[in-house]
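Q: Structure provided below as structure tokens; questions to follow.
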Amino acid sequence: MSTRLAEVPEEILAVNLVDTKAYLENDMGAYWRRLRDEHPLYWHEPVGETPGFWVVSRYAEVMKLYRDDKRLTSEKGNVLVTLLAGGDSAAGQMMAVTDGKRHKDLRNVMLRAFSPRALAKVNELVRANTRDLLARTIRKGTGDFVKDVASVIPLTTIGNLLGVPPADNAELLELTKASLSSDEPDQAPEEAWVARNEILLYFSDLVAERRANPQDDVLTTLTQSEVDGEPLSDQDIVFNCYSLILGGDETSRLTMVETIYTLTRELEQWRRLRAGEVDLETATEEFLRWASPAMNFGRRALVDFEVAGGQVKADDIVTLWNVSANRDERVFERPDVLDLSRSPNKHVTFGYGPHFCLGAFLARVELREMLDALRSFTTGFELTGEPRRIHSNLMQGMSYLPVRFTPDEAGLAGEGR
Ligand code: HEM
């Protein structure tokens, strides 16, 4: 049943999903459970100047709408901030905010960049890099896991795939963080826009450089690719590089951090992982479901249609909540229990349908390698202070996680210093 204002209880109305603080101040697990049970298509009223939008919380409808690129478009934005602002300036150029044939063509070009050959190279690098970083971090004992490990791996991986000089990674990381979410509760939206433009400028320079001096990297492949007989423009390339960085950095980082945090609390699951009682594959999938770093994505309706017993009108904003779908008790048995051997585990963490995450394979490799290194190099770990949560209405997770590792000397013996 769809619900408008009059039928919705006060506690639900009190949660403003646009406000980044809402996620830190409310029991969101209870909120989502109630929406799934009572208001699976819920109309979030406008707040001040901010327009209203539909909130879809059950797994079945989230999947159905992700798949539906006939009645829903991504070209007017695919995240709350752009949908609410009325559109995305990269529409029709950046894959995630492009529909139809142009999207398919761009995606095919980008998929070539993710060819087995390119990925095999990156896989090796992820493994070596992860083992090296974790070995050093664990030997050091205490530190901030975000800064020491989780910030470094995803960005290095994508940077390496694209052909970003390693010396530029730190600067790109700062810009990426500023453009998506913030450590500060009241970050001005302009700061995000500035950071976003700086990333685009950075890639414009790099594209010009690769056109002049081709290398064996994805950026060079893109400069040599065509869509419909036309070479990709600089702007096409820049937007899509940007989308790889944005799509692949913070999401993977937050998942790794949530994984470590969770393992400090779920000691039995840590024991099972370390003892080899659970597969790395099922453990990886469960941490992806558990962390759900991208809480939601969204679309705009192209036509009137019915869903979850309610009526969506053309031009309405429709938001799909992965974070709720991944805890839907209609699909997942005991969804609030972490079970590293959970199977099946068809979570919606990477979306679904035509825009299904292009980097899912890489993200899985990164997380699996981290789990593998972790279980070999440390006997256990604990928090040494309060973690800090990010402020965002798109992503969830932590920006600071102080931990102390106990080294497993036997496991570390083979790793270089
Ligand atoms: C799309 C999540 C890692 C690149 C998506 C979508 C989701 C998602 C939910 C669908 C968006 C939509 O339907 O509008 C995640 C999560 C990740 C992750 C949770 C890590 C845990 C990565 C990585 C890369 C990447 C590592 C790149 C190397 C992309 C791109 C798209 C996308 C380019 C757009 C695909 C398209 O529109 O066809 N991601 N992602 N992601 N992701 Fe990821």
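The values are calculated or read from the model by the stated rules, or taken from the named source; none is laboratory data. These numbers were taken from a predicted model, which means no experiment stands behind them. Quick reminder, even Gly has a Cβ in these numbers, built from the backbone with ideal geometry, and neighbours come from all protein chains shown. Ligands, DNA and RNA are stripped out before the accessible areas are found, and what is left, the full protein with its side chains, is counted by its heavy atoms. Shrake-Rupley method; radii C 1.70, N 1.55, O 1.52, S 1.80 Å.
Q: Among the residues of the range 326-356, write down those that are open to solvent by less than 60 Å² (accessible area, probe 1.4 Å), away from the ligand (no atom under 13 Å from the Cβ) and touching a helix residue (DSSP H, G or I) at 6+ places or on another chain (Cβ under 9 Å).
A: Answer for the range 326-356, where residues must be open to solvent by less than 60 Å² (accessible area, probe 1.4 Å), away from the ligand (no atom under 13 Å from the Cβ) and touching a helix residue (DSSP H, G or I) at 6+ places or on another chain (Cβ under 9 Å): R327, D328, F332, P335, L338, D339, L340, S341, R342, N345.
Q: Further question: Let me spell it out: the conditions are (1) buried (at least 19 other Cβ atoms within 10 Å of the Cβ); (2) in contact with a helix residue (DSSP H, G or I) (Cβ under 6 Å, 6 or more places away or on another chain), and L374 meets all of them except one. Which number is the exception?
A: (2)
Q: Filtering the range 140-195 down to residues that are farther than 25 Å from E209 by Cα, at pLDDT 90 or above and open to solvent by 50 Å² or more (accessible area, probe 1.4 Å), which residue is nearest to the ligand (Cβ to nearest atom)?
A: Checking each candidate, the answer is K147.
Q: Output the residues belonging to the range 357-378 that are more than 9 Å from the ligand (Cβ to nearest atom) and not in a helix (DSSP H, G or I).
A: The answer is T378, and nothing else.
Q: Of the residues that make up the range 397-414, is at least one in a helix (DSSP H, G or I), out of contact with any Lys or Arg (no Cβ under 7 Å at 6 or more places or on another chain) and within 16 Å of the ligand (Cβ to nearest atom)?
A: no
Q: What are the residues in the range 361-389 that are at pLDDT 95 or above and closer than 29 Å to R67 by Cβ, if any?
A: Matches in the range 361-389: A363, R364, V365, E366, L367, R368.
Q: Here is a further query. Mind checking which residues of the range 255-296 are of a type in the set (D, E) and touching a Gly at 6+ places or on another chain (Cβ under 8 Å)?
A: The answer is E258, and nothing else.
Q: Let me ask something else about it. Considering each of V62, V97, V18, V109 in turn, give the residue that is more than 12 Å from the ligand (Cβ to nearest atom) and aliphatic (A, V, I, L, M).
A: V18
Q: Moving to a separate point now. Are any of the residues in the range 284-300 more than 15 Å from G351 (Cα to Cα), of a type in the set (A, V, I, L, M) and open to solvent by less than 10 Å² (accessible area, probe 1.4 Å)?
A: No, the range 284-300 contains no residue that is more than 15 Å from G351 (Cα to Cα), of a type in the set (A, V, I, L, M) and open to solvent by less than 10 Å² (accessible area, probe 1.4 Å).
Q: Just a yes or no: is a residue in the range 70-89 of a type in the set (A, V, I, L, M), within 11 Å of the ligand (Cβ to nearest atom) and under 26 Å from L161 (Cβ atoms)?
A: Checked against the condition, which is being of a type in the set (A, V, I, L, M), within 11 Å of the ligand (Cβ to nearest atom) and under 26 Å from L161 (Cβ atoms), the range 70-89 yields at least one hit.
Q: Which condition breaks for G77 when tested against (1) assigned to a loop (DSSP other than H, G, I, E, B); (2) modelled with pLDDT under 95; (3) not acidic (D, E)?
A: Result: G77 passes all but (2).
Q: Go through (1) surrounded by 19 or more Cβ atoms within 10 Å (Cβ to Cβ); (2) at pLDDT 95 or above; (3) out of contact with any strand residue (DSSP E or B) (no Cβ under 7 Å at 6 or more places or on another chain) for Y42 and report which single condition fails.
A: (3)
Q: Could you please find all residues in the range 80-109 being assigned to a loop (DSSP other than H, G, I, E, B) and open to solvent by 30 Å² or more (accessible area, probe 1.4 Å)?
A: G86, S89, A91, Q93, D99
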